[in-house]
Every structure is written in structure tokens, then in C-alpha cells.
1. Quick one: which of B:49, B:65 is modelled with pLDDT of 95 or more, within 16 Å of DNA strand D (Cβ to nearest atom) and over 26 Å from residue B:211 (Cβ atoms)?
2. Being part of a helix (DSSP H, G or I) and more than 24 Å from the chain's Cα centre (by Cα) is the filter here; which residues of region A:51-62 pass it?
3. Answer yes or no as to whether residue A:157 is within 30 Å of residue B:88 (Cβ to Cβ) and part of a helix (DSSP H, G or I).
4. Taking region A:34-70 on its own, how many of its residues are within 11 Å of chain B (Cβ to nearest Cβ) and closer than 21 Å to residue A:160 by Cβ?
5. Taking region A:27-36 as the search range and keeping residues that are in contact (Cβ under 8 Å) with a residue 40 or more places away in the chain and surrounded by 15 or more Cβ atoms within 10 Å (Cβ to Cβ), which one is nearest to residue A:168 (Cα to Cα)?
6. Consider only pairs whose beta carbons are under 6 Å apart and that are at least six residues apart or on different chains; among these, list those whose first residue lies in region B:38-53 and is within 11 Å of residue B:22 (Cα to Cα) and whose second residue is away from DNA strand D (no atom under 11 Å from the Cβ).
7. I'm told residue A:98 meets every condition in (1) in contact with a strand residue (DSSP E or B) (Cβ under 8 Å, 6 or more places away or on another chain); (2) within 13 Å of another protein chain (Cβ to nearest Cβ); (3) of a type in the set (A, V, I, L, M, F, W, C) except one. Can you identify the failing condition by its number?
8. Any residue that is in contact (Cβ under 8 Å) with a residue 60 or more places away in the chain, within 29 Å of residue B:161 (Cα to Cα) and in contact with a Ser or Thr (Cβ under 6 Å, 6 or more places away or on another chain) - is there at least one of those in region A:157-166?
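The values are calculated or read from the model by the stated rules, or taken from the named source; none is laboratory data. In this text the structure is predicted, and so the values were computed from the model without any measurement. Here the Cβ positions follow ideal geometry from the backbone for every residue, glycine too, while neighbour counts run over all protein chains shown.
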Protein chains: 2
Amino acid sequence: MNSPIAAGITKGLAHRTLAAATAEELRRRILTGSFPAGFQLRQDALASEFGISRIPLREALLQLEAEGLIKIIPHRGAVVSELSIAEIEELFDLRTLLEPWLLRASAPRLTGGDFARLEAILDEYSHELRTNNVIRWGELNTQFHLMLYQHSNRPRTMTIVTALLQASDRHTRLQLTYTDGMERAEKEHAELVKLCSAQQFDAASELLESHIINVKSSLTQALSNLSR
Amino acid sequence: MNSPIAAGITKGLAHRTLAAATAEELRRRILTGSFPAGFQLRQDALASEFGISRIPLREALLQLEAEGLIKIIPHRGAVVSELSIAEIEELFDLRTLLEPWLLRASAPRLTGGDFARLEAILDEYSHELRTNNVIRWGELNTQFHLMLYQHSNRPRTMTIVTALLQASDRHTRLQLTYTDGMERAEKEHAELVKLCSAQQFDAASELLESHIINVKSSLTQALSNLSR
DNA sequence: AGATCGTAGATTGTATACAAATCTTATGTC
DNA sequence: GACATAAGATTTGTATACAATCTACGATCT
């Protein structure tokens, strides 16, 4: 079988090890919801689907566990993380603490090229908003936030926030389907870029803080509606 | 060879997989400085020392990389992380942001038994201060901080902070050897417990914040002295 | 001499094979 | 019928073996 993973490696462009390529593919499937929360990841099934052995697959699983996307229980396998409402709230609380701090450090160093790329993301975002492509929206949201922080010079925090964004993405998507959060986020994102380019960094990081809080509160509202 | 790892497993008490036990032992060696920063971790050498194959060893390495204790470069192996001064400062900045938040959530739920255990740690701490057992001091410091936060109900943040404490431990040790930071920390720790048991939670988390800032500043001072 | 290339040895990455643990299902007992 | 138990099947964990990559060092060329 000529799997996408093996093919990607064979072409030799992007990936350096099978384990890394496999982690990437598994991550994609989890983030897009192709592997939903609670899904059991069987080593043998996945390895043979990808045309690889279980060794690199296991290493990919370990990587995903470190990112918090799956949970591995010894001798019992890996499942896609299911987060309680409290855990989802924790994700957003952490983001509220960390992201404004990153923005404050990074925003003064954003270049003209950065702003162009940010605007491009916002444009595509608006377009996907009309086509209701929620999955693509999540990717763009993560990219947008990370791009804002790219010059923060805080690698460890960036790693943490990247994981937080990925973990919250699946759940944010849910919120957006049921509320007006998407339009609101669109406005806030645009305003955020404007403030940064106007060098109003304190105002920008305050807006960012309330932006994350807003997303959180409309998400928790949507969640409690669902459980009712 | 009858390695401690294999023996530990054979006794069957603590560990569920060889990979987990190996990670624990490697972590211990890094934290105690037995494997110093920059040390190359050769898979074959370590595996045969532990009497295991390279498979569980590799999985242990992945775990340590996720914790930030080592860095793995594909096809080139793993080395114990060397942190720049900026990266060390980042560790403390993150702790300054996260730990007071955890304390604020956890402190109101500390029980009498918790306070007894905290006091016990402080006592042993004072004892080790006299014997100059810096390694044990680091363990106690990490335990002390984590015990304060144990009821925060924020598992993800706890994971992050645990990693931060472990990563900063090695470097804190350095500071303590050259400054009066150890006595100062002792006083601040005692005061912290007192404030918590007196239910002065806001004051406690403010003290914690300045405590971490204090450790950071005397550490950066020690580091700049060394480089001169 | 310095640079480039190539080869041998060392080291990491992955496949295959086997061992240990868990889950399933059938059976028996009360 | 409910529960306990044990054998078989499934799944994960680890050892061994082989493949791919990197490193070091020396030969060759300009």
C-alpha cells in the first residue's frame, strides 16, 4: 500500500523521520475531528494503514501525548483526549495569562511583511466565514495568534501556547457553530492588528486578553446549553 | 549486569513499563547534575548500562524531551538541554505568571495535614541548609511549591509548572551556592506557609510572586558574575 | 596548503519477532 | 440469572536485527 505518509517521506521534502511525519498526520486527524474525542488509536491498525511498523508509530503517539492531544494508559493504549468543561476553561485561562504577555513582547517587533501576512489571514478568514469552513477557520485562528507572537523571543512559552491553541481549537469550533463567536472574533482580530500597527501595544494586549475571555465565555455558554 | 532499573522493575513495585522507569532514572541523573548540561546521551551505552534494549530507552528520551530536559536532534542524538540566560529568565517569568495563580486557587483548600507536611519539608530544608546538601534542597524546593498548589484543580497548569520547576532547579542550585538565596528562600517559604494558614491568600500570592522574582534576580546576578 | 570527495566506523531510525499484559468470551458454580 | 473464572484472542511492551544517516579522517585534486 502506498500510504500518504510513506509517500511524503519518499519524496523527501518535508520530514526527517517517519515518527515525525506520523505525528503530523495523526495531529491533523485529531484537529480536524477525523479522530474524535475518545477515539481509540490502535497501534497495529494505524501502523499498517500508514505502511510503517509500530515503532515510529509509538514514538508519534508519545509526542502527541506530550502535546496533550491524546492520553496513553500503559498496557491499554492511547485515546484522543476528552476534556471536561473545567479542563477546557483551564485552557482558556492559561491562554488569557500567557498570550497577552507574548503579544506585549512581540508586537513592537512586527514588520511590514508580518502585517501583510496577518491581513492575508484575516482575509481568508472572512472568506471561510462565508463558506462556513469551520475546520480551516481553526487553522487560521491558530496561525493568526502564533504569528502575532512570533517575535516574542520566548521559545518555551511559544511551545506551551502552541499546544494550548491546538487543544482548544477543537472545542472552539463547537462554539462557533452555535454562536456568533466567529463574527465577533473576526472584528476583534482586525482591531487587534490595527492597534498593533498603530503601536498601541498596551491597548492591544488588553484587547487580546478580553478577546480570549470573550471566546471562553461564549464557549462555556454553548457547552452548558448543549448539556441541558 | 543487574541494573537498578531492571531490578526496580523486577521487584514490581513502582513502575509499570521499562520506558517510564528509565525516564525516571534519567531524569534523576539530569536533575542531580550527574548528567550535566550538554552531556550526550548515547542510546546504546545507556541501554546496555540499564540492561534493556534501545526501544524503551528511546521512548524515555522522548518523554524527557517533552519535559524540556533534553533536546533530540534527528539522526544526531540527544543532549541535556543547555539553557541560555534568556531562557532561564523565561522559566522564572513563566513561574511568576503561573504559580501565584495556582496558589490562589489551591491555598484555600489546604488542610491541617497539608500544613503539617509543608512544615516537615521546611524543617528538613533548614537541616539541609546547614549540611549544604544542595541537591536535596532542590528536590525539597520543588516538592514544597507543588504541595502548595496541589488543590488548584488545574492539571494542565500543574504539568507545566512541574516541568518549569524541574528545569529551573539545576540553575537555581547554582545561584544558591554563590549567594544568600538559600536563607532568603527559607524565610520566604516559612512566611508563605504562615500567610496561607492565616487565610491571607492575596498576601500569600503576592509574596509568592515576589519570592520567585527575588530568586530570579539573584540568579541572574550570579550568572552575570560568573560570566565576567 | 587548502578544499573536496569518499570511505569506514559509529550512531540513530525502523522492521520484524517475541513476551507480557489486557480484554473477550465461554463455561461452570451458586 | 448473576457472578466468578479460566482459556483464547487481541493488544501493547520490548528485544533483536537490519537499514539509513551522520561523523571522522584520510586520500586526491587544484
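1. B:49
2. A:54, A:55
3. yes
4. 9
5. A:31
6. Short answer, once both residue conditions are applied: B:51/B:1.
7. With respect to (1) in contact with a strand residue (DSSP E or B) (Cβ under 8 Å, 6 or more places away or on another chain); (2) within 13 Å of another protein chain (Cβ to nearest Cβ); (3) of a type in the set (A, V, I, L, M, F, W, C), residue A:98 is out only on (1).
8. yes
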